[in-house]
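Below is one structure; the comments refer to it alone.
Read-outs throughout are calculated quantities, based only on the coordinates presented, and are distinct from any laboratory measurement. None of these values were measured; they are calculated from a predicted model. For neighbour counting, all protein chains shown are included, and Cβ atoms are generated from backbone atoms with ideal geometry for every residue, glycine included.
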Amino acid sequence: MAARANTLQTLLDETENLLLDFDGPICTLFFGIQAHHVADQLRTILSDSQCGPLPAELDKTEDPFEIYRFAAKLDADQFHYIANAMRAHEIEAATSALPNLGAHRALSIWAESVGRVAIVTNNSAESVKVYLAIHQLDTHVTTIVGRDDSNSGLLKPDPHPVCHAIAELGGTSNNTVFVGDSVSDIQAAISANVKSIGFANKPGKAESLTVAGADFITTEMTTISKYAGYFNDAVQHTLQWAATVEQQARRIQDNTTPSQISIQQNDANLLILALRNVIRAAKFAQSRTRDPGLRERISTALANFNVALPNAVAIRDVLEHFDDYSMGAGRQQRTGAISTDSPFQSAHFERSSDGYVVNLGSLSIDVAIARREAWRLAYVVSGIDDQESP
């Protein structure tokens, strides 16, 4: 569930580059290996290095990063041991991290259908690579910006990691959004002039992320995967309804339909319904694709479809609003496209000199042309080479 979902869609419509924090949005890194165990190990290393007594707050902290930041202020050798140990523990933790499957779907669909994906994290890049490889997500992520131990001051909330990721993706701050679950994530996004989505995966986070300045708050990563999947859904609907047109056309053309009038009417009705939904699904795909070339090809295909089947929309309107047309008040009747004097009839099909025709009132559709054009439109939407129907 997301806050201000309609506005969130507007934000994502303007987004090409999706940046994601790692520990939180994508997975719970320290799940199989607990964070407090890692903190204990780092404390032991500091004690063995004889760096002196630790500050009181570090004696009890369960956050490894607090110890890491403290060690960064020590001499290079002491910090080197802590940095290497931290990286090793993160890599080990990545093998037993708890996946956020909603995020998995979001980044994979985004990469396949929308734009580019980058991981921006204060964890080590090596741990991210291990995790992505285990879950077969590595091919979906264009770049990983992880912790740079040679310059530990450039961790989030510093904007450097976010800016670095944008540069790697060849994007701009205007077409990028960053999803993070911490205040430092939101602060880094704001400093980089990037829109941010706060992932409130724990109680109280929605409030803290809102106060930090997140543009939107979501409690589920499926919010993003749902948006990213709109185009794929549209493609599937177009193909499925084209297949339904194919099925009904075959029933009619093969003349295997029983002679009962009611069954003939059902076949005709279903053909009309399926044909109209092919158009609807294609228009949905046109509105969701990020590819201007595909958008233009769908527009041309829809125009060709309307030329080949000029009555497809009108006949569906008659079927949908049969009550209005029965009383002479249908949309096509009001515009004069259909005479109000024409007696209203149920949809049915009949043999013509060239095959079969579905009739509804004074409107008609050639079954063979409907079958051919449904597949042509579906092929354009799905990216399949233009060809005749199966």
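For segment 146-151, 3J(HN,Hα) computed residue by residue from phi via the Karplus equation (6.51, -1.76, 1.60; θ = phi - 60°) reads x, 5, 9, 5, 6, 8 Hz, glycine and proline entered as x.
What number in nm² do you get for the chain if you take the convex hull of its Cα atoms and divide its surface by four? Before the final figure, lay out the partial values.
Working: hull surface 98.8 nm².
So the Cα hull casts an average projection of 24.7 nm².
The three principal axes of the C-alpha atoms in segment 6-104 carry coordinate ranges of 55, 26, 23 Å, sorted with the longest axis first.
For the pairs Lys129/Lys156; Lys60/Lys129; Lys156/Lys202, flag any whose C-alpha to C-alpha distance is greater than 23 Å. Don't skip to the answer; put the middle values down first.
Details: Lys129/Lys156 19 Å; Lys60/Lys129 31 Å; Lys156/Lys202 20 Å.
In this structure, Lys60/Lys129 exceed 23 Å between Cα atoms.
Here the Karplus relation 6.51 cos²θ - 1.76 cosθ + 1.60, evaluated at θ = phi - 60°, turns the backbone of segment 281-294 into coupling constants of 5, 5, 5, 5, 4, 4, 6, 9, 6, 9, 8, x, x, 5 Hz, with x for every Gly and Pro. Relative contact order of the chain, taken over Cα pairs closer than 8 Å and 6 or more residues apart, is 15 percent.
Spacing of the modelled spin labels on Gln265 and His37, each 7 Å from Cα toward Cβ, amounts to 7.0 nm. Under a Gaussian network description of the chain, with springs only between Cα atoms under 10 Å, the residue in Thr210, Thr121, Thr15 that fluctuates furthest is Thr210.
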